[in-house]
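**Student:** My questions all concern the structure below.
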Amino acid sequence: MTNVRITHIGGPTALIVVDGWRLLTDPTFDSPGGRYSFGWGGMSRKVTGPAIAASDIAPIDAVLLSHDHHGDNLDAAGRALLPSAGVVVTTVSGAKRLGGNARGLEPWATTRLEATARPPIDITATPCRHGPPLSRPIAGDVIGFALRWDGQERGVLWISGDTVLYNGVRQVAEGLKVDIALMHLGCVRFPVTGPVRYSMTAQEAVELCRLMRPRTAIPVHYEGWTHFRQGRDAMEGEFARAPDDIRRRIRWLPIGVEVTV
C-alpha cells in the first residue's frame with residue numbers, strides 16, 4: 001500500500017506527499033492581521049499565520065485549488081506561489097481567471113498528473129455547494145478532489161472543498177470508495193447573512209462519515225479566520241457524542257507536522 005504523508009499547514013492548506021508527488025491544497029500563506037472581503041458585505045480577519053512559510057514549501061508539483069476567489073482559500077502569498085507549481089487544478093471559471101498553468105475541471109471531470117519515474121495520479125473534481133440552495137451567484141463555483149493512483153487498496157483520497165452537506169456531496173459518498181477524507185469544516189458564517197452557513201458543521205461531518213465510512217477523516221479549514229464559527233473545541237464536543245465507529249475515523253493532525261496517514 002502506498003505511503004501517504006500529510007502536513008496540515010493551517011486553514012485549508014495541506015501538503016500531501018505520495019509516490020514522489022508533492023501536492024498542495026488551497027494555498028494560504030499570508031501573515032495574520034489582514035482583512036478579507038467575501039462579497040455582499042461579508043468580511044473576515046486572518047488571526048493565525050501558516051505553520052510553514054511559502055518559501056519553505058517548494059517544490060510543488062500541483063496545487064489543488066477548490067476555488068480562487070476567496071481569501072481563506074487563496075490569499076496574496078498563496079497566489080504568488082502558483083506560477084512555481086507544475087500545474088494548478090481548479091474550477092473552470094477559476095482557470096479562466098488564473099490562466100497560465102491552470103487546468104479547469106467541471107464536477108466529475110478528470111485530469112491526470114504524469115511525470116518521469118513517478119506513477120500517474122488521476123484527479124477527479126467532485127461537487128460542492130458553498131452555501132444554501134441558490135447561493136452560487138454569491139458564493140461562486142467550488143470543487144473538491146478525488147485522487148486515484150495505483151496501489152490504493154482501500155479507496156481514494158478525497159478533499160471536500162468548501163461545501164455544505166447536500167445531495168452533490170452525498171453522491172460522492174455513494175459513488176466513491178474513500179480511504180482518506182480531508183473535510184473542510186468550520187461552520188463559516190458572516191454577520192451580514194445571519195444564520196446562513198457556507199461550510200460544513202461538525203454534525204454534518206458526522207453524518208458524512210456515516211455515509212462515506214472513510215478509514216480516516218481529517219478536519220481542516222476550521223481555524224485561522226474570524227468567520228469560522230466552530231473551532232476544534234466545539235467540534236470535539238460534537239464528535240464525542242457520535243457513535244464509536246464514527247469517532248474512531250476522525251483524526252486531528254498537529255498543525256505544521258508531517259504525519260503518515
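The values are calculated or read from the model by the stated rules, or taken from the named source; none is laboratory data. Note that this is a predicted model, so its numbers are computed, not measured. Here the Cβ positions follow ideal geometry from the backbone for every residue, glycine too, while neighbour counts run over all protein chains shown. The protein model used for the area step is the full one, side chains on, heavy atoms only, and it has no ligands, DNA or RNA in it. Shrake-Rupley method; radii C 1.70, N 1.55, O 1.52, S 1.80 Å.
Residues are listed down the side, and each one gets a yes or a no for (1) in contact with a strand residue (DSSP E or B) (Cβ under 6 Å, 6 or more places away or on another chain); (2) of a type in the set (A, V, I, L, M, F, W, C); (3) under 21 Å from Thr201 (Cβ atoms); (4) surrounded by fewer than 22 Cβ atoms within 10 Å (Cβ to Cβ):
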{"residue": "Asp150", "(1), (2), (3), (4)": "yes, no, no, yes"}
{"residue": "Gly155", "(1), (2), (3), (4)": "yes, no, no, yes"}
{"residue": "Gly168", "(1), (2), (3), (4)": "yes, no, yes, yes"}
{"residue": "Gly175", "(1), (2), (3), (4)": "no, no, no, yes"}
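**Student:** Look through region 160-180, keep the residues that are in a helix (DSSP H, G or I) and among the aliphatic types (A, V, I, L, M), and return whichever of them is farthest from Trp149 (Cα to Cα).
**Tutor:** Here the answer is Val169.
Let's see how each residue does on (1) open to solvent by less than 10 Å² (accessible area, probe 1.4 Å); (2) modelled with pLDDT of 95 or more; (3) more than 13 Å from the chain's Cα centre (by Cα):
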site	(1), (2), (3)
Arg5	no, yes, yes
His8	yes, yes, no
Thr25	yes, yes, no
Ser31	no, yes, yes
Gly42	yes, no, yes
Lys46	yes, yes, yes
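**Student:** Mind listing just one residue for me: the one in region 231-251 that is of a type in the set (A, V, I, L, M, F, W, C) and touching a Phe, Trp or Tyr at 6+ places or on another chain (Cβ under 8 Å) and, of those, most open to solvent (accessible area, probe 1.4 Å)?
**Tutor:** Going through the qualifying residues, I end up with Ile250.
**Student:** Select the strands (runs of 3 or more DSSP E) contained entirely in region 72-159, then report the ones holding at least 2 residues which are in contact with an Asp or Glu (Cβ under 8 Å, 6 or more places away or on another chain).
**Tutor:** Where strands (runs of 3 or more DSSP E) fall fully within region 72-159 and carry at least 2 residues being in contact with an Asp or Glu (Cβ under 8 Å, 6 or more places away or on another chain), they are 87-91, 110-115, 118-127, 143-148, 156-159.
**Student:** Out of Gly151, Gly186, Gly144, I need the residue that is touching a residue at least 12 places away in the same chain (Cβ under 8 Å), under 10 Å from Cys128 (Cα atoms) and of a type in the set (Gly, Ala, Ser). Which one?
**Tutor:** Gly144
**Student:** Is it the case that region 46-55 has a residue that's more than 21 Å from Thr126 (Cα to Cα), in contact with a strand residue (DSSP E or B) (Cβ under 7 Å, 6 or more places away or on another chain) and assigned to a strand (DSSP E or B)?
**Tutor:** Yes, because at least one residue in region 46-55 is more than 21 Å from Thr126 (Cα to Cα), in contact with a strand residue (DSSP E or B) (Cβ under 7 Å, 6 or more places away or on another chain) and assigned to a strand (DSSP E or B).
**Student:** Right, here's the next one. With the checklist (1) aliphatic (A, V, I, L, M); (2) buried (at least 20 other Cβ atoms within 10 Å of the Cβ); (3) modelled with pLDDT of 95 or more in hand, flag the one item Ala139 doesn't pass.
**Tutor:** The single condition Ala139 does not satisfy is (3).
**Student:** Here is a follow-up. Quick one: count up the residues across region 217-230 that are among the hydroxyl-bearing types (Ser, Thr, Tyr) and buried (at least 19 other Cβ atoms within 10 Å of the Cβ).
**Tutor:** Summing the residues that are among the hydroxyl-bearing types (Ser, Thr, Tyr) and buried (at least 19 other Cβ atoms within 10 Å of the Cβ) in region 217-230 gives 1.
**Student:** Within region 244-260, how many residues are in contact (Cβ under 8 Å) with a residue 24 or more places away in the chain and either among the basic types (Lys, Arg) or in a strand (DSSP E or B) (or both)?
**Tutor:** Of the residues in region 244-260, 6 are in contact (Cβ under 8 Å) with a residue 24 or more places away in the chain and either among the basic types (Lys, Arg) or in a strand (DSSP E or B) (or both).
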